[in-house]
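Structure first, commentary second.
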Amino acid sequence: MGDAVRVEPVTALFAEKDRELCRAIRLYAAQQDAVQECSVVQTGRRVLEELERGLHPDVLMLDALLPDTSIYTLLRRVNQMTLGYHPHIVVSLVPSAASQIEKLLTLGTDCTIFKPYELPSLFDTIYQTAAQGHRLEVYLARECLYEQLAALHYHGHAFGLNYLEQVIYLNIFTQRPYALGELCAMTADLFQTNAGAVHAALERLNRTLYDVGQPAYDSLCLQKGKAPGSRLTVSELIEVLTARVRHSLRR
């Protein structure tokens, strides 16, 4: 069996003038795995220094109001550097500066985001700016799955969640549907455990969703033609969540 399907991280250099926001970015980055911060700085000079010393982030996240330089000068300086690759660039600006967006795009900016922003939105923007193809599809599938789990009031990070992610990925990114036993066996192989342990963890997760997810859990039951208050089998839970993730990805 091959490697587990995982969200492949992108790296980002953050340039932000606000010290408290810099601290928040570092803390948030440490709590998730999709965007890895390789540096957080507060001036344009530091951006250039980090690039000159060989840092190769996938994304430059630049505050348009850095204290020591204009964003236009900084972008021109970055464009003039011999980096050996072209980093994606995201610029944050205040809504009153919306008229600057066209000029920013002509200077190599891939995307802009308005302040104030929520950190999950910022990191999502960064990832989707840098990732393409299968890498982006896996990330979007995980985000869709997490949205479904959040609707069921589940916000945990138990190991069974890793198993659930894998069986959903196997259903979505392979060419044929699998029976539950096959999914458990393949996932067990990926995580170097046994199929029984995978099934038991998925059953515990299903029971938790049933306990905490009412009445949203009832909508899963209705989708399988079962009465509200029923509990899905693990196989039924996987089928419904797979269908919902697929539907979300097509939108």
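In nm, give the distance between the simple-model label positions of His56 and Asp68, each being 7 Å from the Cα along the Cα-to-Cβ direction.
Inter-label distance under the simple model: 2.5 nm.
For Arg204 and Gln132 in the same chain, what is the full-extension length gain: residue separation times 0.36 nm, less their Cα-Cα distance, in nm?
The Arg204-Gln132 span can extend by a further 22.5 nm.
To the nearest 20 debye, what charge dipole does region 40-191 have about its Cα centre, counting +1 at the Cβ of each Lys and Arg and -1 at the Cβ of each Asp and Glu?
380
Could you point to the label whose value was computed as Cα extents along the principal axes in Å for the structure here, given [x] 61, 38, 34; [y] 61, 38, 30; [z] 59, 49, 33?
[y]
Just the number please: accessible area per residue for the chain, 1.4 Å probe, all protein chains included, in Å².
50
With springs only between Cα atoms under 10 Å apart, run a GNM on the chain and tell me which of Thr11, Thr233, Thr109 wobbles the most.
In the Gaussian network model the winner is Thr233.
Report the dimensions of region 49-101 along its three principal axes from the alpha-carbon atoms, largest first, rounded to Å.
35, 21, 15 Å, listed from the longest principal axis down.
Provide the FRET efficiency to the nearest 0.05 for the Asp33-Gln192 pair, computing r from the beta carbons and using R0 = 25 Å.
That pair, Asp33 with Gln192, gives E of 0.80.
Can you tell me which aspartates and glutamates have their Cα less than 18 Å from the Cα of Lys103? Leave out same-chain residues fewer than eight positions away.
Output for Lys103: Asp63.
Say each of Glu147 and Arg231 gets a label point 7 Å from the Cα, pointing the same way as Cα to Cβ; how far apart are those two points in nm?
Using points 7 Å along Cα→Cβ, the separation is 2.9 nm.
Let me cross-check Phe14: its accessible surface, 1.4 Å probe, with only protein heavy atoms counted, in Å² to the nearest 10?
Roughly 0 Å² of Phe14 is accessible to a 1.4 Å probe.
What number, rounded to the nearest 500 deg cm²/dmol, is the helix-based mean residue ellipticity at 222 nm of the chain, given -39500 (n - 2.57) per DSSP H run of at least four residues and division by all its residues?
Rounded to the nearest 500, the figure is -17000 deg cm²/dmol.
Which residue, Val212, Val240, Val91, tops the fluctuation ranking in a GNM of the chain built on C-alpha contacts under 10 Å?
Its mean-square fluctuation being the largest, the pick is Val212.
Order these peptides, 58-64, 23-29, by their mean beta-carbon neighbour count within 10 angstrom, highest first.
Those peptides, ordered most packed to least, come out 58-64, 23-29.
The values are calculated or read from the model by the stated rules, or taken from the named source; none is laboratory data. Note that the structure is predicted; figures quoted are calculated from it, not measured. Here Cβ is always computed from backbone atoms with ideal geometry, including for glycine, and neighbour counts include all displayed protein chains. Accessible surface is based on the protein model in full, side chains and every heavy atom, while ligands, DNA and RNA are left aside. Shrake-Rupley method; radii C 1.70, N 1.55, O 1.52, S 1.80 Å.
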